[in-house]
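Report on the following structure.
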Amino acid sequence: MYTLNCRGALIELDQPVVMGIINLTPDSFFAGSRKQQLEEVISKAEQLIQEGAFFLDIGAQSTRPAGDYLSAEKEWERLVHVLPELIDRFPKTLFSIDTFHAAVAEQAAHAGVHLINDISAGRLDPNMLAVVAQAGIPFIAMHMKGTPQTMQSLATYDDIMLEMTDYFLERISSCKASGIKDLILDPGFGFAKTIDQNFRLLQQLDQFRVLENPLLVGLSRKSMITKTLGVPVDEALNGTTVLNTIALMKGAKILRVHDVKAAVEAIKLVKGER
């Protein structure tokens, strides 16, 4: 069983939970997650919480392939009025900030977020690990090569599972050396990986249990679903649920999704709950 210390709240991940996605961006790949006006964001957060979201992940920069890059200053401009309002409005919900900028992570931590979610696992900003350690909150470290702008040209591996395991071992060591106590690993589906590599990764996901850290998976409406099934993003919920179910059976502890209700139902069915 894994335990996370989220600002004094001890969270036991003995059973999988759901992280709902809210994007404060105009260009995220799934339109249903894009919310820019405060009233829209509050309404979306309320909906996801009612559907069973345990965490809410707030992002202000699109990390889709070839997405526009935002500086830390521009990213925080999108968050500065929204994030504190969310945390104040929903005090029983745990909030994560999706950023690879240490300055944004630091300001978000001061605002009261409970986790930092970094697609680069601290490799795009040399100050990130120190900021997370100082904040004393859990860190989500994702596997990726390059940047969102270059990653799709870097999807080459001699042995993807071995290389990812080595990557995570190095990141675990660096995070511990920096003083980070609680670490969550994200395999980074779709980040510097081909569709075939994504499916191999999913089928062998349980190999990462040897790393002894909880796994977060983000499969929601991604291109491995839409391109395999030949459907648009807004018709990819069924495929998402199928892959989430496989991930749960392979040991995933957190499902990061756009559609919370379906993910909560998948967890109940896999667990055999009524």
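A few remarks follow.
- Members of the stretch 190-221 that are in a loop (DSSP other than H, G, I, E, B) and under 15 Å from T245 (Cα atoms): Q204, G218, L219, S220, R221
- For the stretch 211-232, residues that are among the aliphatic types (A, V, I, L, M) and within 13 Å of the chain's Cα centre (by Cα) total 4.
- The stretch 195-208, residues that are of a type outside the set (S, T, N, Q) and either more than 16 Å from L185 (Cβ to Cβ) or at pLDDT below 95 (or both): I195, D196, F199, R200
- Elements of the type helices (runs of 4 or more DSSP H) sitting completely within the stretch 68-138 and holding at least 3 residues that are more than 25 Å from V257 (Cβ to Cβ) and of a type in the set (A, V, I, L, M, F, W, C): these cover 128-135.
- When residues in the stretch 87-98 are screened for being surrounded by fewer than 21 Cβ atoms within 10 Å (Cβ to Cβ) and of a type outside the set (D, E, K, R), 4 of them pass.
- Residue satisfying all of: in the stretch 7-29; modelled with pLDDT under 95 and small (G, A, S); farthest from K222 (Cα to Cα) among these: G8
- The conditions of being more than 23 Å from P126 (Cβ to Cβ), out of contact with any strand residue (DSSP E or B) (no Cβ under 7 Å at 6 or more places or on another chain), without any contact (Cβ under 8 Å) to a residue 24 or more places away in the chain and crowded, with 16+ Cβ neighbours inside 10 Å are met by T226.
- Of all residues making up the stretch 30-79, the number that are of a type in the set (V, I, T) and either at pLDDT 95 or above or within 18 Å of M128 (Cβ to Cβ) (or both): 3
Residues are listed down the side, and each one gets a yes or a no for (1) under 22 Å from Q204 (Cβ atoms); (2) free of Cβ contacts under 8 Å to residues at least 40 places away in the same chain:
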site	(1), (2)
V132	no, no
F139	no, no
S153	no, yes
D158	yes, yes
L162	yes, yes
F168	yes, no
K176	no, yes
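- Residues in the stretch 48-86 that are surrounded by 14 or more Cβ atoms within 10 Å (Cβ to Cβ) and either at positive phi or among the polar types (S, T, N, Q) (or both): G52, Q61, S62, T63.
- Options G251, G239, G218; residue that is surrounded by fewer than 18 Cβ atoms within 10 Å (Cβ to Cβ) and at pLDDT 95 or above: G251
- Residue list for the stretch 241-258, restricted to those being within 15 Å of the chain's Cα centre (by Cα) and free of Cβ contacts under 8 Å to residues at least 60 places away in the same chain: N244, A247
- Within the stretch 185-207, tally of residues that are farther than 19 Å from T156 by Cα and surrounded by fewer than 22 Cβ atoms within 10 Å (Cβ to Cβ): 2
- Flag if A177 is small (G, A, S), touching a Cys at 6+ places or on another chain (Cβ under 9 Å) and over 26 Å from D68 (Cα atoms): no
- With respect to the stated conditions, S96 is closer than 20 Å to G20 by Cβ and of a type in the set (S, T, Y).
The values are calculated or read from the model by the stated rules, or taken from the named source; none is laboratory data. Just so you know, these numbers come straight off a predicted model, no measurement behind them. We place every Cβ from the backbone using ideal geometry, glycine too, and count neighbours over all the protein chains shown.
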